[in-house]
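For reference, the structure is listed below as structure tokens.
The values are calculated or read from the model by the stated rules, or taken from the named source; none is laboratory data. In this text the structure is predicted, and so the values were computed from the model without any measurement. So basically every Cβ, Gly included, is an ideal-geometry build from the backbone, and we count neighbours across all protein chains shown.
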Amino acid sequence: MSGPLVAASGLTRIYASGEERVVGVRDASLTLEAGELAVLAGPSGSGKTTLLNLLGLLDRPDSGTLALHGEDVSSLDDRGRARLRREKLGFVFQSHQLVPVLSAEENVALALWIRGLPDAECRTRSRAALASVGLSGLEARRPDAMSGGQRQRVAVARAIVGEPALVLADEPTASLDSETAARLLDLFDALHASKGITFLFSSHDPRIVERVPRRVRLVDGRIASDERNGRGVK
Amino acid sequence: MEFLAFPFFQRALAAGFIVAVVCGALSFFVVLRRLAFVGSGVSHAAFGGVALASLVGAPPGLGALVAAVAVALATATASGEGDLTEDTAVGVFTVAAMAVGVVAISFLETNVDLFGLMFGNILTVDPKDLLALGGASLLVLVLLALYFRPLLLASIDEDGAFAAGVNVARMRVLVLVLLALTVVVGLKVVGILLVSALLVLPGAVARSLTSRWPGFLLGSIGAALVMVLGGLLLSVALDVPSGAAIILTGTTLFFVGIVAGRLRRQA
């Protein structure tokens, strides 16, 4: 495996809505190195979720190419894409999407359990992941007995427990108050620094966006600017 | 209790045990995925298969299996394309299959045991039936065991399962095919009209008592066993039709479960 973690070139996704054609993303090119902490910034409807879905292999582009670690994944079939999602990617959704009937530990363990790992290993690694997001002692608690911030931390633990190469998060702070949102970003920072996890998340909140070293701004489905530490990325 | 010594009753108990285990296990997924109406539709579609099989001289069970699986696959395909929901798709295919059955029956020169087909009779299970029942049930249970983890995740969180690399379309087809197989398994015991209840009631009883999945699954199998075996014993003791006794036992369990669940939550 060689090359950048993510190399997207000319990604375009257009949705049909009746007679109308709606541009999700047009001609988006983006390179992400392993170990980066990056944000897709832009208002609602700017194409952040569409681009995340394309990079996360949840959707297919109408045109353009995508490579992960130098491997072209554009033409992979559904089974190959599913394997890559399982082995290399972690996801945090806007509404956390935890299973309400399962405890925090069981929710995190699902990501490992689905790979067929033994129950004991699932449990040990889930507890470690929960500890790394600051939720030790809350393993048995159900999502409905947790605060919004705690639920989102469980979702982060679920995303990182499989040690993915890249964690994609769609507006993870959208449903949180500003203080809790800032603490979640602190957590991303800490996991990025301590474990070298690559994070790419979307946000429309300028206070969150300004704290992130790599900022990719989207306007009307196009990448309008791409900066790393205040400098343009070529 | 001297009836316990009769071979026909022992076969009925064995058939009841097998059907209860397989229906209880699948009922867990039917309730999780809200497939009660689909289960009912697939079981009704089996009617068309039985009638067509009778017309061409094929085994009725084979006809039921082919029709139920065909409707299940058509439902999975149509709903998977995104144009129709599962309940709309099964509603369309079911009435078509039943209409085919009615037309087929109108050409039949011999009588079809419609009452037995509709309501079943577990007390008439013969050794050949028992063998077929055991084989089909084993197939369902093996497939359930092999795909249990992805099936469970796809049943409780389809988007999350897709993101986690589960082939959710394949899981959708699998659960519907398992449903069709189980419908055929249950036909002899409770008949077309009541088999869907066997797919819903055990899971509904367990769900009212617990929402944690291991207890939910085991509770569903346990409720199915109480329902089928208890109903069977009641039917003999009270001299009433076995299919109806099984369903009424399940309905009673359902209401008891709801009350017990509420009391537990209030405690």
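Miscellaneous remarks
- Within the range A:95-131, considering residues that are surrounded by fewer than 20 Cβ atoms within 10 Å (Cβ to Cβ), closer than 22 Å to A:A165 by Cβ and at pLDDT below 90, the one farthest from the other protein chains (Cβ to nearest Cβ): A:L117
- Residue list for the range A:175-199, filter: touching a strand residue (DSSP E or B) at 6+ places or on another chain (Cβ under 8 Å) and under 27 Å from A:E106 (Cβ atoms): A:F188, A:L191, A:H192, A:I197, A:T198, A:F199
- From the options B:V50, B:V66, residue that is hydrophobic (A, V, I, L, M, F, W, C), in a helix (DSSP H, G or I) and buried (at least 24 other Cβ atoms within 10 Å of the Cβ): B:V50
- Of the residues making up the range B:167-179, just one is under 17 Å from the mean Cα position of the chain (by Cα) and without any contact (Cβ under 8 Å) to a residue 60 or more places away in the chain, namely B:L174.
- Residue that is nearest to the other protein chains (Cβ to nearest Cβ), among those in the range A:76-94 that are outside any helix (DSSP H, G or I) and under 26 Å from B:L32 (Cα atoms): A:F91
- For the range B:151-160, the criterion of a residue being more than 14 Å from B:A25 (Cβ to Cβ), of a type in the set (S, T, N, Q), surrounded by 14 or more Cβ atoms within 10 Å (Cβ to Cβ) and under 21 Å from the mean Cα position of the chain (by Cα) is satisfied by no position.
- Per the listing A:R151, A:R115, the residue uniquely within 18 Å of B:I156 (Cβ to Cβ) and in a loop (DSSP other than H, G, I, E, B) is A:R115.
- Boolean, B:A99 is within 17 Å of the chain's Cα centre (by Cα), surrounded by fewer than 18 Cβ atoms within 10 Å (Cβ to Cβ), at pLDDT 85 or above and not polar (S, T, N, Q): no
- Residues (in contact with a Ser or Thr (Cβ under 6 Å, 6 or more places away or on another chain) and at pLDDT 85 or above) located in the range B:24-40: B:G24, B:L26, B:S27, B:F28, B:F29
- Meets criteria (hydroxyl-bearing (S, T, Y), away from chain A (no Cβ under 14 Å) and over 15 Å from B:V21 (Cβ atoms)) for B:S211: no
- For the range A:1-22, a tally of residues being in contact with a helix residue (DSSP H, G or I) (Cβ under 9 Å, 6 or more places away or on another chain) and over 15 Å from A:L66 (Cβ atoms) returns 1.
- Residues of the range B:58-81 satisfying the condition of being of a type in the set (G, A, S), farther than 18 Å from B:V175 by Cβ and at pLDDT below 85: B:G61
- Close pairs from the range B:95-123: first closer than 30 Å to B:Q10 by Cα, partner at pLDDT 80 or above and loosely packed, with under 14 Cβ neighbours inside 10 Å, Cβ under 8 Å, at least 6 apart: B:L123/B:F8
- Residue list for the range B:134-162, filter: at the interface with chain A (Cβ under 7 Å from one of its Cβ atoms) and either in contact with an Asp or Glu (Cβ under 7 Å, 6 or more places away or on another chain) or under 23 Å from A:P118 (Cβ atoms) (or both): B:R149, B:P150, B:L153, B:I156, B:D157, B:G160
- Taken over the range A:193-234, residues that are of a type in the set (A, V, I, L, M) and either in contact with a Pro (Cβ under 9 Å, 6 or more places away or on another chain) or more than 17 Å from A:G47 (Cα to Cα) (or both) amount to 7.
- Subset of the range A:189-211 [within 16 Å of A:E33 (Cα to Cα) and at pLDDT 90 or above]: A:T198, A:F199, A:L200, A:F201
- Each residue in the range B:163-183 was checked for being hydrophobic (A, V, I, L, M, F, W, C), facing chain A (nearest Cβ under 10 Å) and in a helix (DSSP H, G or I), and 3 pass.
- Restricting attention to the range A:137-158, the residues that are at pLDDT below 90 and within 13 Å of A:E106 (Cα to Cα) add up to 2.
Table: residues versus (1) free of Cβ contacts under 8 Å to residues at least 40 places away in the same chain; (2) part of a strand (DSSP E or B); (3) surrounded by fewer than 16 Cβ atoms within 10 Å (Cβ to Cβ); (4) charged (D, E, K, R).
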site	(1), (2), (3), (4)
A:A7	no, yes, no, no
A:L11	no, yes, no, no
A:D27	no, yes, yes, yes
A:L30	no, yes, no, no
A:S44	no, no, yes, no
A:L54	no, no, no, no
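- Note on the range A:56-72: residues that are free of Cβ contacts under 8 Å to residues at least 40 places away in the same chain and crowded, with 18+ Cβ neighbours inside 10 Å amount to 2.
- Comparison of B:A164, B:A206, B:A197, B:A223 shows that the only residue that is crowded, with 22+ Cβ neighbours inside 10 Å and free of Cβ contacts under 8 Å to residues at least 24 places away in the same chain is B:A164.
Residue-wise test of (1) on the phi > 0 side of the Ramachandran plot; (2) touching a helix residue (DSSP H, G or I) at 6+ places or on another chain (Cβ under 6 Å).
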| residue | (1), (2) |
| --- | --- |
| B:R34 | yes, no |
| B:V50 | no, yes |
| B:A53 | no, yes |
| B:A74 | no, yes |
| B:T88 | no, no |
| B:V95 | no, no |
| B:F115 | no, no |
| B:G120 | yes, yes |
